[in-house]
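*Asks:* Attaching a single structure in structure tokens format; questions to follow.
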Amino acid sequence: MTQLDPDYVRGQFPAFSEPTLQGWAFFENAGGSYPAGAMVRRLHEFYLKTKVQPYAPYPASCRAGAWMDESDERLSPLGSGSSRKRCISAPRPARTPMSWPAPPAR
């Protein structure tokens, strides 16, 4: 059996080498406080190049659509096939209406 290398895993998260965060543990977000470096790089590229409506007939939009297609292909083995063929739904108790704050008075 392969052993988990904690130092390697920690090395994948840039925040763990950020001096201003040393000596602290962050538990306030169950979804994960800090993303892995690969995600940081991909999001950086996304915000610079493809933060547009996908599938329109101009280069940045075509690239955004292609990235969406690629992510669907890469993630489909983790679920039950293409996201275009599945619906992910929360259990009944979690289906509560969203409550949005009222806009500020003018």
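The numbers here are math on the coordinates, done by the rules we state, and not lab data. The model shown is predicted, which means the values in this text are computed figures rather than measured ones.
*Asks:* With the Cα gyration tensor of segment 7-47 giving a ≥ b ≥ c as the square roots of its eigenvalues, does the rule (a/c under 1.5 for rounded; else a/b larger than b/c for prolate; else oblate) give rounded, prolate or oblate? Walk me through the intermediate numbers first.
*Replies:* Numbers: a/c = 1.87, a/b = 1.43, b/c = 1.30.
Judged from the Cα gyration tensor, segment 7-47 comes out prolate (a/c at least 1.5, a/b above b/c).
*Asks:* Something else now. When N counts the residues of segment 1-75, how does its alpha-carbon radius of gyration compare numerically with 2.2 N^0.38 Å, as a ratio?
*Replies:* Details: Rg = 16.8 Å, N = 75, 2.2 N^0.38 = 11.3 Å.
That ratio works out to 1.48.
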